[in-house]
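Student: There's a structure below that I have some questions on.
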Amino acid sequence: MGSLFTIRGLRKAYHMGDETVHALDGVDLDFERGEYIAILGPSGSGKSTLMHILGFMDQPTEGSIVFEGEEVSSLSADRRAWYRSNRVGFVFQSFNLLPRLTVLENVALTLLYRDDSNRETNEAAAKFALERVGMSHRLDHRPSQLSGGERQRVAIARAIVGNPSIVFADEPTGNLDVKNVDRILDLLGSLLAEGITVVLVTHDLGVAAKARRVISMRAGKVQEDRQQ
Amino acid sequence: MKIFDRLRPAVINGLRELQANKVRSLLSMSGIILGVASLVAMVTVVQGMVGNFRQFVDAMGGIEKIAVDRQSLPKEQEHLAELSEGMTLRDVEQIRATIPLIRNISPEVRVGYEKVVYEGHEAITLILGCTPDYLPVAKRWVDPEQGRFISDLDILHRTDVVVLGSSIAAELFPPNVDPLGKVIRVKGKRFVVVGLLNNIEGSGMQVRSANSKGGSGMWRWRNSGVYIPVSTATAKFTGNDHLTGLGLRIGDANDLQNTVDQLERSLLQMHNGLKDFNISTNEETLESFRKTESAFKLSLGGVAGISLFIGGIGIMNVMLASINERIREIGVRKAVGARGSDLFLQFLAEAAVISVMGGIIGLSVSMGIVWLMNFILIQAIPTQAVATLDWKIMAQGLGFSVIVGLVAGVYPALRAAKLDPIEALRHE
């Protein structure tokens, strides 16, 4: 197990009119490879901002982030896109599959923007990822033809197809029925075996209970960080 | 190669969006379709017409031909009228002797529109007195099996021979009668038919059939002339030695202006300074055709330009609407690693796909328009196809549509590229 993220003094401030909102107000964290982490907190606690910054979608106002041994707190937009394409996967509450693309194409989308993108190898990798989540029987379906649980499995396949170091799952079970919640969480948990760090971002204690480490956030600060 | 790899999925995606929003895409294309169709069709038709003008000028004798016509004196010279005896064969001799640039000179006497009769068949047509030089100047000929033209001996002896244009021959003689050697009456006097002039089938505006009586067509008059020796015309009909006109041909079109200047000086000298003649060349006709052509092209280009501009606005509008609807998609693509440039390329390609499709549809519409115009023109005047589509013009039309699509796509594509992924993913 090596260190994945070393986060020190992380701050993020938004200007809303005259007011300055501190979404993150001094966060220090360390993530190891292969950890199963839940970031727990009510809305406005800063958990989404933290996920966006660690997921290379946003930049901190202040602080240092070392990812896989490199300082990444102020990268160009293209460089952040490279990290999203090659190192990070996202799973969203509302699945966010593109309705016009087939299941296979949705999964292959992650590989499309890589420099070495190639149709055949992309599709082969996408098929493999779909097999991994048990969706290889729906390759040519459109997302609208799938159930919620199936859609989320496709979304997970999309997140892992590029062999990421870390997968962020933002309320991954928020739109699912009880039966599917466990299946999806188990599926996410099974990624650890492949050395992928999984971060659940949720306000749901029951979901967070699945993780081995729970980081509770409140008002932009880490309130509690415990292993369970 | 790398840009091609990035372009391919963008174009496929564009085609897919097009297919998913057929009606909207078609509406957004309508401006481009109209623009390209009008551009290509109009330029084609104008070119066809101008092409006909050129053939027309050529059939008029080409630009190496100069015509001198009698003209009434300008007002300030009217009181000097007796000083000039008008154009005569002496002018011809003088010109021949002094202006070597002129290769052929054809003195002409218009007897006028008179009655010609053969055994009860009669017609009224133009009687022209001329010399053997008429043929090279007018670019006409007599086929060997159709007899001969007026000869120098005819001029010398003022013989009563006549050469007929093909349509007047067809009008006077029944189909089973060979006109050669027959005697006809021209303005009441007997003439022997010695030849038939070649039939003019202008490849632009032609006489439908040489034998159809009164065959229509703009150049019918070119086949309906009656030609007699110029000396016979003056002796038998006009009663004086005045010529009504001269036709001249020069060897090289580049000498045209030079020759016209010399001709004017020479004739003024012969006519004691009186301007009782008018020199005209086909170059003026051709020049006015050229002006018409460029005026047409400018105004039609303007119309097509405006349609293409509106087409561009249509595409931009649809692209902006499409991006608004797909903000979430843009967010997802960014989340999985698309750069701003990837999305810029994607939406630019989409705009290009719309405009290329519009351009292709516009080209097929233009084919229809050209076909229809040809159809209508053939009904109106008996012509062969007036306009044929030129692949160069079509390529230009398509090129314009692509440029319009790309220009119109830049701003929407930039907006898509600049969207913040987090905001885009939150968008409902």
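Student: When the dipole is taken about the Cα centre of chain A, and only Lys, Arg (+1) and Asp, Glu (-1) are charged at their Cβ, what size is it in debye, to the nearest 20?
Tutor: Using only the charged Cβ atoms, the result is roughly 460 debye.
Student: Follow-up question, since we're still on this one. Round to the nearest 0.05 the FRET efficiency obtained for A:Ser136 and B:Met367 when R0 = 51 Å and r is the Cβ-Cβ distance.
Tutor: That gives a FRET efficiency of 0.55.
Student: Can you report the principal axis dimensions of segment A:66-130 using only the alpha carbons, biggest first, rounded to whole angstrom?
Tutor: The principal-axis extents, from largest down, are 37, 29, 19 Å.
Student: Nothing charged except the Cβ atoms of Lys and Arg (+1) and of Asp and Glu (-1): what's the magnitude of the dipole of the protein assembly as shown about its Cα centre? Round to the nearest 20 debye.
Tutor: My answer is approximately 1260 debye.
Student: If you rank B:Ile315, B:Ile3, B:Ile12, B:Ile124 by how much accessible surface each has, with a 1.4 Å probe, what is the order from largest down?
Tutor: Greatest to least solvent exposure: B:Ile124, B:Ile3, B:Ile12, B:Ile315.
Student: For a bin width of 20 Å, list the pair-distance distribution of the protein assembly as shown built from all Cα-Cα distances, rounded to whole %.
Tutor: All Cα pairs considered, the percentages come to 15, 29, 17, 14, 15, 10, 1.
Student: Does anything in segment A:53-80 have its amide N under 11 Å from the 7 Å Cα→Cβ label point of A:Thr6, and if so which residues?
Tutor: Within reach of a label on A:Thr6, which here means backbone N under 11 Å from a point 7 Å along Cα→Cβ, segment A:53-80 contributes A:65-71.
Student: Continuing with this model, one more query. Leaving out ligands, DNA and RNA, calculate the buried accessible area for the pair A and B with a 1.4 Å probe, summed over both sides, in Å² to the nearest 100.
Tutor: 2200 Å²
Student: Would you mind calculating the gained length between B:Val192 and B:Gln19 on full extension (0.36 nm times residue separation, minus the Cα-Cα distance), in nm to one decimal?
Tutor: 54.5 nm
Student: Hey, got a sec? Which GluC sites (Glu not before Pro) in segment B:91-153 land in a DSSP loop and have at most 16 other Cβ atoms within 10 Å?
Tutor: Taking segment B:91-153 and a limit of 16 other Cβ atoms within 10 Å, the loop GluC sites (Glu not before Pro) found are B:Glu119.
Student: Further question: Identify the residues of segment B:223-251 with backbone N under 19 Å of a label point that sits 7 angstrom from the Cα of B:Arg148 along the Cα-to-Cβ direction, or state none.
Tutor: Counting only backbone N, you get B:227-233.
Student: Just grab the label-to-label distance for B:Glu122 and A:His15, each label 7 Å out from Cα along the Cβ direction, in nm (one decimal).
Tutor: Going from the B:Glu122 label point to the A:His15 one covers 10.4 nm.
Student: Considering only protein heavy atoms and a 1.4 Å probe, what is the carbon-and-sulfur percentage of the accessible area of segment B:38-119?
Tutor: 52 percent
Student: Just counting partner chain Cβ atoms within 10 Å, what average do the residues of peptide B:325-336 show around their Cβ?
Tutor: That average works out to 6.
Student: Also: For chain B, build the charge dipole from Cβ charges (+1 Lys, Arg; -1 Asp, Glu) around the Cα centre, then report which of B:Tyr411, B:Gly239, B:Gly358 sits farthest towards its positive end.
Tutor: Result: B:Tyr411.
Student: Sticking with this structure for a sec: Compute a Gaussian network model of chain B, connecting alpha carbons closer than 10 Å, and tell me which residue from B:Trp391, B:Trp371, B:Trp141 fluctuates the most.
Tutor: In the Gaussian network model the winner is B:Trp391.
Student: Return the distance in nm (one decimal) between the two label points of a simple spin-label model at B:Ile306 and B:Thr98, each offset 7 Å from Cα along Cα→Cβ.
Tutor: Result for the modelled spin labels: 5.6 nm.
Student: Quick one: among B:Ser322, B:Ser28, B:Ser355, which has the greatest mean-square fluctuation in a GNM of chain B with alpha-carbon springs under 10 angstrom?
Tutor: Highest fluctuation among the options: B:Ser322.
Student: In chain A, what % of DSSP beta bridges are antiparallel (nearest 5)?
Tutor: Antiparallel: roughly 55 percent of the beta bridges in chain A.
Student: Evaluate peptide A:94-105: per residue, the Cβ atoms of other protein chains within 10 Å of its Cβ; return the mean as an integer.
Tutor: Mean number of neighbouring Cβ atoms from other chains: 3.
Student: Right, next: Between B:Asp178 and B:Leu89, what FRET efficiency comes out of the Förster formula 1/(1 + (r/R0)^6) with R0 = 25 Å and r the beta carbon distance, rounded to 0.05?
Tutor: 0.15
Student: What distance in nm separates the two pseudo spin-label positions at B:Leu80 and B:Lys418, each 7 Å out from Cα along the beta-carbon direction?
Tutor: 7.8 nm
Student: If you don't mind, there's one more thing I want to ask. Leaving out ligands, DNA and RNA, what percent of the accessible area of segment A:90-228 is carbon and sulfur, probe 1.4 Å?
Tutor: The computed percentage sits at 47.
Student: Sticking with this one: Sort A:Asp115, A:Asp204 from largest to smallest accessible area, using a 1.4 Å probe on the heavy atoms of the protein chains.
Tutor: A:Asp115, A:Asp204
Student: With the other protein chains left in place, how much accessible area per residue, in square angstrom, belongs to segment B:280-428 at a 1.4 angstrom probe?
Tutor: 48 Å²
Student: So how long is each side of segment A:1-127 along the principal axes, counting just the alpha-carbon atoms, biggest first, in Å?
Tutor: Over segment A:1-127, Cα extents along the principal axes are 48, 35, 29 Å.
Student: Treating the angle as unsigned and between 0 and 90°, give the value, to the nearest 10°, between the Cα long axis of helix A:178-190 and the longest Cα principal axis of chain A.
Tutor: Helix A:178-190 sits at roughly 80 degrees to that axis.
The values are calculated or read from the model by the stated rules, or taken from the named source; none is laboratory data. Not measured: the values here are computed from a predicted model. Because the Cβ atoms are built from the backbone with ideal geometry, glycine has one as well, and the counts that use them run over all protein chains shown. Ligands, DNA and RNA are excluded from the accessible area calculation, which covers all protein heavy atoms including side chains. Shrake-Rupley method; radii C 1.70, N 1.55, O 1.52, S 1.80 Å.
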